[in-house]
Amino acid sequence: MTLAHFLDGLRCSSCQTLNALRLDPARSVVECRECGQSVLIFPEIAEGKAR
């Protein structure tokens, strides 16, 4: 399962549009297609490993 799968069913916190979020992994940004609001993401490198 990828980060993009977690965006399904979510609303934009700014405009409240459902399923309008898209992931741009090259820029590490999640952006709303409706209003253009964007947020930087910081994926965890050691995902799934015990610390």
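Quick one: net charge of T17's neighbours, Cβ under 13 Å, K/R +1, D/E -1? Taking every other residue near T17 into account, the sum is +1.
Stretched out straight at 0.36 nm per residue, the stretch from C35 to L18 would grow longer than its current Cα-Cα span by 4.9 nm.
The phi torsions of the range 24-32, fed into the Karplus equation with coefficients 6.51, -1.76 and 1.60 and a -60° offset, translate into couplings of 10, x, 5, 9, 6, 10, 10, 10, 8 Hz, rounded to whole numbers, with Gly and Pro shown as x.
Every number in this text was worked out from the coordinates using simple rules, so none of it is lab data. These figures come from a predicted structure and were not determined experimentally. All Cβ positions, glycine included, derive from the backbone under ideal geometry; neighbour counts span all protein chains shown.
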